[in-house]
Structures are given as C-alpha cells and as structure tokens.
Amino acid sequence: MAKAVTMAREDQGNRVTQLPARIKGFLSDVRNEMRKVTFPSRREVQATTTVVIITVILFGVYFFVLDQVIASGINWVLHHRVR
C-alpha cells in the first residue's frame, strides 16, 4: 500500500514537471490542425443557408397539414361517437 502511494506521488510529480511540455505540444498540434481547416466561401454559405430555410419551411407546412388532418379526425371521432 505504501509503495503504491509513493509511486502515485512520484507520478504526480512527473506530470507536474511535464505540464509545460505537454501544453506546448498540445498547442502545436492545435496550430497544425487549424492549418488544415478550410472555411466555406460566401457563396457556399448562402447556398446551404437557402437550402436549410426552404427545407424548414417545407417541413413546417407538412407538419401543419398533418396536424390539421389528425385534429380533424380526432374531433370527428369525439363528436360523432355512438350514443
């Protein structure tokens, strides 16, 4: 048990001393990955935004119509039940 505690403390000490090197390596990796990133052009953003807006409108109309049909069916069942 005491050996495990001693090893854990030594490991923690090593991690603390290695922290600046680990941070430097991480930031270097981030910089390298950011160089690989390509951003869309204004035209591409406009095109995809237009597609999203049209799709949202179409789905909204579809679900509105579907909701109205279901509501009419439920109202019909509730008002025309057998007495």
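The values are calculated or read from the model by the stated rules, or taken from the named source; none is laboratory data. Remember, it's a predicted structure, so these values are computed and weren't measured experimentally.
Answer yes or no: is there a residue in region 53-75 that is of a type in the set (A, V, I, L, M), on the phi < 0 side of the Ramachandran plot and at pLDDT below 90.
There is no residue in region 53-75 that is of a type in the set (A, V, I, L, M), on the phi < 0 side of the Ramachandran plot and at pLDDT below 90.
I'd like to check something: does region 11-26 contain any residue that is modelled with pLDDT of 85 or more and charged (D, E, K, R)?
Yes.
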